[in-house]
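Below you'll find the structure, written out as structure tokens, and then a few comments.
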Amino acid sequence: MDQAKAEAFGDRMVETLNAGSLALMTSIGHRSGLLDVMAGLAPSTSQGIADASGLNERYVREWLGAMVAAQVIEYRPDDATYSLPEEHAAFLTRDAAPDNIAAFLQYVPLLGTVEDSIIDCFKNGGGVPYSEFPRFQEVMAEDSGQTVVPALLDHILPLVPGLTDSLRDGIDVLDVGCGSGRALNIMALEYPKSRFTGFDLSDEATSVGRSQAKENGVTNLVFEAKDVTKLGTPGQYDLITAFDAIHDQADLASVLAGISDALRDDGVFLMQDIAASSELQENIDNPIGTFLYAISVMHCMTVSLALDGTGLGTMWGEAKARDMLADAGLSRVEVHRLDHDLQNAYYVARK
Ligand SMILES: C[S@@+](CC[C@H](N)C(=O)[O-])C[C@H]1O[C@@H](n2cnc3c(N)ncnc32)[C@H](O)[C@@H]1O
């Protein structure tokens, strides 16, 4: 045994204990609003921070202890004050989106809620359905609110030459697995002459999208709680989008075949999906590879297996995606990366 290698690994595992704990504490800081409040405060005592955030001082003080030990928040013992440096706030507050890593760290405790069920699946197979993830739709909406919505009009849609002009003139658009419909709501407001439809299995998510559309006063957008496995809408759409909604499908081949069939001859399928290789050894250098495989084990793969699906997994990768798009008749494919989005690739696919 290489003793130095063993010791270095031991150190890394201890760091991981701290890093995992910091993920939990940061998620709490995000959800409770503590990080946002602290970004706007001068150095303050725990009582001052608790008052400013309307929270219980004892809990706030213990949380501050963890965040100081993690060297995220700075502590001045002379007057017992705490501060969040602006260089750290730049990655931890709602104002910092899309760089707000605190929003993504919510996935760590969220995935933890299904650990018992996942262990059971390791023993007996099967999967954990969407309905067992208590805050999934909420966290997902926040995630895409950071990664898709701010970049949609200026960076994502322009990946397809001429698309923004067509949207301005008026075309038919479908978003599959639309979740809470944030992307659709933005597009419906921006392009009033186009007609937008969102399908998602989740009643909870589509109701959120519908309420937002009502609040926005848009009449060119409809949501339906519908399984996209059998779309059955031949030649009805000029543009079909899917934001992080393809790799976790139960029957992906049927979904892609339905999308291909639902597109008009010159239509485009714009798919945001995980930027990964189909070969494990090529994902070792992925800066968030561990996170992506973990989210696969504890969400994307298991929700598919829960429906007796293929359980393709989050890291199906570009080669597999291209093969499956081609099998569905979408053989002209370009793959783009955007600077703001470390996690995803953007596929522009045509018949
Ligand atoms: C990872 S979420 C992405 C949601 C949304 N596109 C976003 O970016 O916020 C995947 C979504 O696909 C939906 N979904 C999964 N399988 C589906 C199916 N067969 N039919 C319709 N929706 C499905 C889920 O309910 C979930 O809302």
Q | Spin-label model distance (nm) - residue 261 vs residue 51, 7 Å beyond Cα toward Cβ | A | 6.6 nm
**Q.** Radius of gyration and Dmax over the Cα atoms of the chain, both given in Å
**A.** 22.1, 71
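Given the pairs 193/226; 193/320; 193/351; 123/351; 193/230, which span a C-alpha to C-alpha distance of over 32 angstrom in this model?
On the way: 193/226 24 Å; 193/320 36 Å; 193/351 25 Å; 123/351 42 Å; 193/230 28 Å.
Checking Cα-Cα distances, 193/320; 123/351 exceed 32 Å.
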Q: State the extension gain, in nm to one decimal, for the chain segment bounded by residue 6 and residue 71, taking 0.36 nm per residue of separation less the distance between their alpha-carbons.
A: 20.8 nm
Q: Return one quarter of the surface area of the convex hull spanned by the alpha-carbon atoms of region 52-99, equal to its mean projected area, in nm².
A: 4.0 nm²
Q.
Please list, in order, the residues from region 298-327 whose amide nitrogen is less than 12 Å from a point placed 7 Å along the Cα→Cβ vector of residue 254.
A. 307-310
Q: For the chain, build the charge dipole from Cβ charges (+1 Lys, Arg; -1 Asp, Glu) around the Cα centre, then report which of 267, 315, 157 sits farthest towards its positive end.
A: 267
Q) What dipole magnitude, in Debye to the nearest 20, does region 66-180 give about its Cα centre under +1 on Lys/Arg Cβ and -1 on Asp/Glu Cβ? A) 240 debye
**Q.** Summed side-chain charge close to residue 95 - residues other than residue 95 whose Cβ falls under 15 Å, Lys, Arg +1, Asp, Glu -1
**A.** -4
Q. Can you give the FRET efficiency for residue 90 and residue 124, using 1/(1 + (r/R0)^6), R0 = 30 Å, r = Cβ-Cβ distance, to the nearest 0.05?
A. 0.10
Q) How high is the FRET efficiency from residue 189 to residue 351, r the C-beta distance, R0 35 Å, rounded to 0.05? A) 0.75
Q: Rounded, prolate or oblate: pick one for region 237-347, where a ≥ b ≥ c are the square roots of the eigenvalues of its C-alpha gyration tensor, a/c under 1.5 means rounded, and failing that, prolate if a/b is larger than b/c, else oblate.
A: oblate
Q: Let me have the relative contact order for the chain, percent, based on Cα pairs under 8 Å that are six or more residues apart.
A: 13 percent
(Q) Take residue 62 and residue 334, extend 7 Å from each Cα along the Cα→Cβ direction, and tell me the distance between the two endpoints in nm. (A) 5.5 nm
Q. What does the highest-first list of 193-204, 158-169 look like by mean Cβ count within 10 Å?
A. 193-204, 158-169
**Q.** Cβ-placed point charges (K, R +1; D, E -1), dipole of the chain about Cα centre in debye, nearest 20
**A.** 600 debye
Q. Hey, if you put +1 on the Cβ of every Lys and Arg and -1 on every Asp and Glu Cβ in the chain, which of 34, 10, 45 ends up farthest toward the positive end of that dipole?
A. 34
Q: Report the FRET efficiency, 1/(1 + (r/R0)^6), for residue 211 and residue 284, where r is their Cβ-Cβ distance and R0 is 45 Å, rounded to 0.05.
A: 0.55
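We did not get these values from a lab; they are worked out from the coordinates using the rules stated. The shown structure was predicted, so the numbers you read here are calculated from the model rather than taken from an experiment. All Cβ positions, glycine included, derive from the backbone under ideal geometry; neighbour counts span all protein chains shown.
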